[in-house]
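A short worksheet on the structure shown next.
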């Protein structure tokens, strides 16, 4: 059987698995061990997370980003609670109402500015809560880092949002599906951009940056983590052969593979931006700060370019396209794609 080998700019989920990760999975695929996370590989991965974040955090491995996010909400919210989030967030837009269906809480969407939540807009939304029995009580503030449009919260912005949430009696969650790309963009380690900024819990992503199917929910505040194992089981996110989930993260942190992968993805996005930013018919919609480029192009170009390299329109009515780079995107592929754009631009 032959398979399609062409790469795409559709999503960093479209990429394969890094060879080092596959090799590590093969390495631990020996003998028998205890199931459901009671194995030495999982124990080692949990220890590694404590080292990476420099704190006695608790880490729970899951299959998907949706699983991590919904588990986070389930662990800290009851059905009387609400979650303040970006109206563009994956939690609100792309998880099929899973958080509301499976936890009973209410999502309160806030319109972002270039992908980011701001204190001003949060205050405006918060002021509408009456805090009586007729409304859900705000319990959690969640942000996506990087945002859905590829922008990155600065350390100060993140800290301000965490402080604001805490002053309102709320917990602060970071959806870090592409957190490695954000760390590379900011030039900091994971602890600096999460623990030291006041995060209470974190969805730590790996699938979009070279892992097969591995995400993690990390609790920096152990109080909400009391019944996580039970909620994870109910949400069908507990792997039986758990070592193959946890082991991916040991490969991910070994020799800073996470960093090398994210550096390449980010660099390819910046290269793409540099090659098209001066083309008169193209407008870069948002600052390119991670591994995605969002650009407005003439709509008639879309059916032609998508035949060259597949990608998704972000807003087809505006001609806004999303081009996502991955850990294995190459310069040659970026040059070939931009050459196709330049051919169209020059008629």
For the subset of segment 296-347 comprising residues that are in a loop (DSSP other than H, G, I, E, B) and in contact with a helix residue (DSSP H, G or I) (Cβ under 6 Å, 6 or more places away or on another chain), which member is surrounded by the most Cβ atoms within 10 Å (Cβ to Cβ)? 325
Subset of segment 177-190 [in a helix (DSSP H, G or I) and free of Cβ contacts under 8 Å to residues at least 40 places away in the same chain]: 179, 186
Quick one: how many residues across segment 191-227 are part of a loop (DSSP other than H, G, I, E, B) and over 14 Å from the mean Cα position of the chain (by Cα)? 9
Here the residues within segment 280-295 that are buried (at least 18 other Cβ atoms within 10 Å of the Cβ) and not in a loop (DSSP other than H, G, I, E, B) are 292, 293, 294, 295
When every residue in segment 159-176 that is outside any helix (DSSP H, G or I) and either closer than 24 Å to residue 66 by Cα or outside the structural domain of residue 148 (by TED's automatic domain parsing) (or both) is compared, the one farthest from the chain's Cα centre (by Cα) is 170
Please go through segment 83-97 and pick out each residue that is exposed (fewer than 14 other Cβ atoms within 10 Å of the Cβ) and either outside the structural domain of residue 173 (by TED's automatic domain parsing) or closer than 18 Å to residue 171 by Cβ (or both). none
Restricting the search to segment 274-295, which residues are out of contact with any helix residue (DSSP H, G or I) (no Cβ under 6 Å at 6 or more places or on another chain) and farther than 13 Å from residue 321 by Cβ? 274, 277, 278, 280, 287
Since residue 230 meets every condition but one in (1) touching a residue at least 12 places away in the same chain (Cβ under 8 Å); (2) part of a helix (DSSP H, G or I), which condition does it not meet? (1)
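The values are calculated or read from the model by the stated rules, or taken from the named source; none is laboratory data. Values in this document were obtained by computation on a predicted structure and should not be read as measured data. Neighbour counts are summed over all protein chains in view; Cβ atoms, including those assigned to glycine, are modelled from backbone coordinates with ideal geometry.
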